Structures are given as C-alpha cells and as structure tokens.
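Visitor: My structure is below; once you've seen it, I'll send some questions.
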Amino acid sequence: MISSGAFQDVTNGYERRTDGLWLHTGRLIVRGGPVDLPDGAIGTAELADGAVTTAKLATNAAQQLIGQYQAVPTFTTTTVGVWTVTTVSTGSIACSGARCRIVCSGTAFHSVAGTQVTLGLMVDAVATYSMLAFAAPGVNYVVPFCFEVYHVPAAGNHTFALMLNNGATGTAGLFGNVFHTLFVSEEKR
C-alpha cells in the first residue's frame, strides 16, 4: 500500500496504470514545457543519401576506418631488449593528416615465468608508443591485452604495427590460436 502523498511524489500528480510493465499515462515534459504528440507522430527517421554534408558536421564529429588487421598471427622472437615489429600490421595506408584512433587487441606469452613482455605501437618502423607490460604468470601462459591510443600522422602513407619487447632470455610471442586486431580510424569533419 502506498500513501497518497508518496503517490503524488512518485507520479508528479499524473495517473499511472499498470499491466505489469508500469506504463505511464500523463504528459511528457521537455525542458520545462509539456509536449502533446498525437499517436504515430514519431516514426522512423530517414535521411536520403547526401542529406548530411561535410559542412553540416562539426569538426572531428565522425570517423572513418582507414586500415585494419584482423587475423590469427604467427609471431615469436628470442631477441632480448629491443622493440621488434610483429606480424600484426595494417600495411601502408593513406592518412590525411587528421588525428587517428588506433585500437589493438590480442594475446601474448613468454616461455619463462616472471619475465616481462612489453607491447606498444610502431608507426613507420619507429617505436612510437610503449603501451603496456606484463610479467608472464607462468611458462607459456597466455595474457590478453588491449590498448587504444590517438596519433596525428603527417599526411601521406603510413604503416601501423604492434611491437613487442622481450624482457629476458626465452621466447616471447603472440598466441596463434585467437584473432588479433589492429584498427586505425581517422577523425573526419
């Protein structure tokens, strides 16, 4: 049972009926003013091709996928203490010079428990962003990773790739039984 005062507080004075889904029968208040719409007044909005032009979009209001890698990689290295490019790479892609959003995910491992593995982003074969590190929890234990970074490349073609730094003697690599991804999206006006 609910008191009349509590009912007023909950319903703001408008009646409520229920069929188990608590449908509200009252007025819709939008920014201080009531809105009364006839049934069916709001339908599926359709925009014709070309209805929204570049001039109508705010700067950086949209983004476009310009390059990607989605596959099961084969990559291991025994090289210690240097950044090594992996097979997770976009290849050469055209960039306009606008800011890019890069998202990368996958799994990595090391053959020696407790050894540090560091991952990051390489742009045009240059170690650009060291993004994360983990200590292998056990021999060949698979560790998932995901990172996102924003980068503003010069206009022209660029290659984005996952890089790996093996922390000690042993084999570090990418686990070859799951998909790894690298997406590059450019902000557009």
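Visitor: Arranged by the count of other C-beta atoms within 10 angstrom, fewest first, what order do Ser185, Ser130 take? Walk me through the numbers before you get to the answer.
Guide: Values: Ser185 17, Ser130 13.
Result, fewest neighbours first: Ser130, Ser185.
Visitor: Give me, ordered by chain and number, the residues 5 or more places off Met131 or on other chains with an amide H under 5 Å from its own placed amide H.
Guide: Excluding prolines and chain starts, which carry no amide H, the hits are Leu119, Gly120, Leu121.
Visitor: Separate question: I need the phi-derived Karplus couplings for the range 110-121: 6.51 cos²θ - 1.76 cosθ + 1.60, θ = phi - 60°, integer Hz, Gly and Pro marked x.
Guide: My calculation for the range 110-121 gives 9, 7, 10, 4, x, 7, 7, 10, 10, 10, x, 10 Hz in order.
Visitor: Could you grab the Rg to Rh ratio for the range 99-189? Cα atoms only, Kirkwood for Rh.
Guide: Working: Rg = 14.3 Å, Rh = 13.9 Å.
Ratio value, two decimals: 1.03.
Visitor: Cα convex hull of the range 59-147: mean projected area in nm², to one decimal? Working shown, then result.
Guide: Values: hull surface 26.7 nm².
Across all orientations, the range 59-147 yields a mean hull projection of 6.7 nm².
Visitor: Extension gain Val112-Thr77, at 0.36 nm per residue separation less the Cα-Cα distance, in nm?
Guide: 11.3 nm
Visitor: Figure the gain on full extension for Ile93 and Ala58 (residue separation times 0.36 nm, minus the Cα-Cα span) and round it to one decimal in nm.
Guide: Numbers: separation 35, 0.36 × 35 = 12.60 nm, distance 2.49 nm.
Stretched out fully, the Ile93 to Ala58 stretch lengthens by 10.1 nm.
Every number in this text was worked out from the coordinates using simple rules, so none of it is lab data. Since the structure is predicted, the reported quantities are computational estimates derived from the model, not experimental observations. Positions of Cβ are backbone-derived with ideal geometry, glycine not excepted, and every protein chain shown enters the neighbour counts.
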